[in-house]
2 protein chains.
Amino acid sequence: MTTIGDVAKHAGVSAMTVSRVLNNYGYVKEETRERVDKAIAELGFVPNALARSLRFKRTNTLALILTDITNPFFTTIARSVEDAASEKGFNVMFCNTDESQAKETEYLNVLLQKQVDGVLLVPATSNTESISLLQERSVPVVVIDRRIPDMQVDTVRCDSELGAYQLTKYLLDLGHRQIAILGGTETVSTSVDRITGYQRAFAEANLEYSQDMVRYGQFTSQSGYDVTQELLNLERPPTAFVATNNFIAIGAYRALQEAGLQVPHDVSLVAFDDIPAALVFNPFLTVVGQPAHEIGRQATNLLLSRLNGGNTNPPQEIILPLTMTIRQSSGPPKP
Amino acid sequence: MTTIGDVAKHAGVSAMTVSRVLNNYGYVKEETRERVDKAIAELGFVPNALARSLRFKRTNTLALILTDITNPFFTTIARSVEDAASEKGFNVMFCNTDESQAKETEYLNVLLQKQVDGVLLVPATSNTESISLLQERSVPVVVIDRRIPDMQVDTVRCDSELGAYQLTKYLLDLGHRQIAILGGTETVSTSVDRITGYQRAFAEANLEYSQDMVRYGQFTSQSGYDVTQELLNLERPPTAFVATNNFIAIGAYRALQEAGLQVPHDVSLVAFDDIPAALVFNPFLTVVGQPAHEIGRQATNLLLSRLNGGNTNPPQEIILPLTMTIRQSSGPPKP
DNA sequence: CTGTTAGCGCTTTCAA
DNA sequence: TTGAAAGCGCTAACAG
């Protein structure tokens, strides 16, 4: 490995002078600078960011902890985070927790050791420990997509409750009464909030929902499939389904199909999270979509403003608007 | 920041002893170890991986350079790489080049500075420079998905030529003669190889294809859309399309739809790369699918075997099998 | 079993 | 305008 010392020797100067050239700092005679530049080029010298970071106490590296990197919603976030970060000279380490709190904790420890400058976190659960850990060590953190109840922490997300309210109200207005909601993990705010929104829509319409219609599960296609099958076996099966994310929706659809039910003729299906147009042949699903790209961008910028010390305001919550798109998967109930 | 020295002081021992406890190495009296452990816990000490890496010359970090992190094919690879790496105690830095050689080069420089232990690279172009750069600095690298002609380098990929051959032959056997192939970037081996496979299928059938039918473009939905529109405006438009990746296929499909053409009744459409079942309502497309998960896993394991020094064989090329799945997007040409 | 010394590659003083 | 010394946090090698 070539070091700054090798370059110095090669150029007949001290290491310090090389450092000055590298960082464009202090005074270096033009002629000396050229000699150093030449030496750098000749030796193919690459400065060691580790050593530099050890001094600066700055790695220019962020961490993005996601629960499911195969979900396009999160992929889009990942992409926009990467873009926003690299624009400002930061790299991003991606971590995938699979919705597991244990994995999240494990990653956090490694990332702390690696001295990341900041963390973007989609928390696996509403557990406050991860956030506390980071805050104790004054590593800036921005929570994405989900809420951590009883925690003062920067957050960028959408209004899950409102979105679910809109979807449910829309179905109620179409005349549905037996509406099922397919939640994800019970320990995650988006699940809880979306179910709350569902309940509010019923309450405001002065209608009752059956306890049977409200289900938790996972944010996976398999879970959507399983729960839908259960619901179809009820004495009074739903006439409409609200899936609390895109994967659940796809699993639900498969179960409906297998049961010989036509969407939207026999049942309606609406969902959270759009699937990017680049991925589907026929956008079909009525959805409340989240601006994933914007979420990632704003979260990153907020994080960077924190760790640059330029932003010392109290923790803030940025709520981005949802967009409801009515497509062909929803219609009035069968008479 | 708490350092090993603080812990030492707190426990009334030397830094070295703390280091020994941390790394479970050498002899430490049980009672001393306990005292140190207690101090670590009390101070909430987190070892600084930067300092450690500076000594060890090992960061336990890999880089994965992708061309498009929003493409599920690459997302799946990303996920399996992350899984395989974290299993062996490595973190992964993801980089997205957007198929740009300039971005690739830029990332490579940063990663070199950050002293990553190894690189997994989906090269943006067939340019040999990136690989040479890494090899000169003896940073192990495994090329994924694409071939770098005239380069001795570990590679994990599928046989693009064969896949395209199979798709084309299948269409020829159905009776199609006017078959278009929608390539991606011309500077990427997968584009070139898939077109070669197409040509071979024609050659073996003793048939001629029209030069018009062979198009390069980008690996994007937009490009698939544009090129398909062009092709439809030809005097003798294609009766079948081979898309060289999933995004191109979706763009092509949209163009066909807009032109009022029914798939497969009016035209057939087949493609490379499956879209994961978790993402689509009705798998519809006849495809040659690549085992993305396996590609990521094998590439990571190969890379790790290289940087552990356990594998000093000459560079190898691992070719994984493709799977052709015939669905509803293809059929015989309209009489 | 434990501590001291030196050094990884770089940069911040401070001095020349 | 340049250099020498010291130190970031950690550990290998050697003493004790």
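With a Förster radius of 60 Å, plug the Cβ-Cβ distance of A:LYS57 and A:ASP266 into 1/(1 + (r/R0)^6) and report the FRET value to the nearest 0.05. About 0.45, to the nearest 0.05. Computed from the alpha carbon positions, the gyration tensor of the range A:1-157 leads to an equivalent ellipsoid with semi-axes of 41, 15, 13 Å, biggest first. Summary for B:ASN23: label point 7 Å along Cα→Cβ; distances to the equivalent points in the other copies, ascending, 2.8 nm. Here the Karplus relation 6.51 cos²θ - 1.76 cosθ + 1.60, evaluated at θ = phi - 60°, turns the backbone of the range A:228-237 into coupling constants of 5, 4, 4, 5, 5, 7, 5, 4, 10, x Hz, with x for every Gly and Pro. For a Förster distance of 25 Å, can you work out the FRET efficiency between the beta-carbons of A:ASN24 and A:THR312, rounded to the nearest 0.05? Between A:ASN24 and A:THR312 the formula returns 0.30.
Between amide H atoms placed 1.01 Å from N, distances below 5 Å from A:ASN96 occur with A:LEU66, all of them 5 or more places distant or on a separate chain. If a spin label sat at a point 7 angstrom from the Cα of B:ASP150 along the line to its beta carbon, the backbone N atoms of the range B:181-207 nearer than 19 Å would be those of B:186-193.
Relative to the compact-globule estimate of 2.2 N^0.38 Å, the Cα radius of gyration of chain A comes out at 1.28.
With equal scatterers on the alpha carbons only and no solvent term, can you work out the Debye log10 of I(q)/I(0) for the range B:160-290 at 0.15, 0.17, 0.20, 0.21 1/Å? Log10 I(q)/I(0), no solvent term: -0.61, -0.80, -1.14, -1.27. Among A:TYR107, A:TYR25, sorting on how many other beta-carbon atoms sit within 10 Å of each Cβ, with the fewest leading, yields A:TYR25, A:TYR107. Of the GluC sites (Glu not before Pro) in the range B:169-209, the ones in a loop by DSSP (not H, G, I, E or B) with at most 16 other beta carbons within 10 Å are B:GLU186, B:GLU208.
The label point for A:ARG137 and the one for A:THR187, both projected 7 Å from the Cα toward the Cβ, are 2.1 nm apart.
Panel order for A:ILE318, A:ILE65, A:ILE131, by other beta carbons found within 10 Å of each beta carbon, from fewest to most: A:ILE318, A:ILE131, A:ILE65. Modelled this way, with points 7 Å down the Cα-to-C-beta line, the labels at A:LYS88 and B:GLU235 are 5.9 nm from one another. The angle separating the long axis of helix A:246-258 from the principal Cα axis of greatest extent in chain A is about 40 degrees.
The alpha-carbon atoms of the range A:239-335 define a convex hull whose volume equals 115 cubic angstrom per residue. In order along the range B:294-299, the Karplus-derived 3J(HN,Hα) couplings, from 6.51 cos²θ - 1.76 cosθ + 1.60 at θ = phi - 60°, round to 5, 4, x, 5, 5, 4 Hz, and Gly and Pro are given as x. Entry note, the protein assembly as shown: the mean residue ellipticity at 222 nm calculated from DSSP H runs of n ≥ 4, each adding -39500 (n - 2.57), is -14000 deg cm²/dmol after division by the residues and rounding to the nearest 500. Sorted from shortest to longest, the distances between the B:THR312 label points of this copy and the other copies are 5.7 nm, with each point 7 Å from Cα along the line through the beta carbon.
Once backbone amide H atoms are built at 1.01 Å from N, B:LEU182 has B:VAL242, B:ALA243, B:THR244 as its partners under 5 Å, excluding neighbours fewer than 5 places away on the same chain. Taking 0.36 nm per residue of separation and subtracting the Cα-Cα distance, full extension of the segment from B:GLN113 to B:ALA15 would add 32.4 nm. Counting neighbouring beta carbons within 10 Å and listing from fewest to most, the residues A:LEU66, A:LEU207 come out as A:LEU207, A:LEU66. Assuming a ≥ b ≥ c are the square roots of the Cα gyration tensor eigenvalues, decide whether the protein assembly as shown counts as rounded (a/c under 1.5), prolate (otherwise, with a/b larger than b/c) or oblate. Since a/c reaches 1.5 but b/c is at least a/b, the shape of the protein assembly as shown is classed as oblate. Sorted from closest to farthest, the other copies place their B:GLU230 label points 5.3 nm away, with each point set 7 Å from Cα along Cα→Cβ. Among the trypsin sites (Lys or Arg not before Pro) in the range A:52-133, those placed in a DSSP loop whose Cβ has at most 15 other Cβ atoms within 10 Å are A:LYS57, A:ARG58, A:LYS88.
Exceedance of the 31 Å cut-off in Cα-Cα distance is limited, within the set A:LYS57/B:LYS9; B:LYS88/B:LYS169; A:LYS38/B:LYS114, to B:LYS88/B:LYS169. Taking the alpha carbon gyration tensor of the range A:4-47, multiplying each eigenvalue by 5 and rooting it gives semi-axes of 14, 10, 9 Å, largest first.
Each value in this text was obtained by applying a stated rule to the coordinates, not by laboratory testing. Keep in mind that what you see is a predicted model, and the values were worked out from it rather than measured. Every residue, glycine among them, receives a Cβ derived from its backbone with ideal geometry; neighbour counts consider all protein chains shown.
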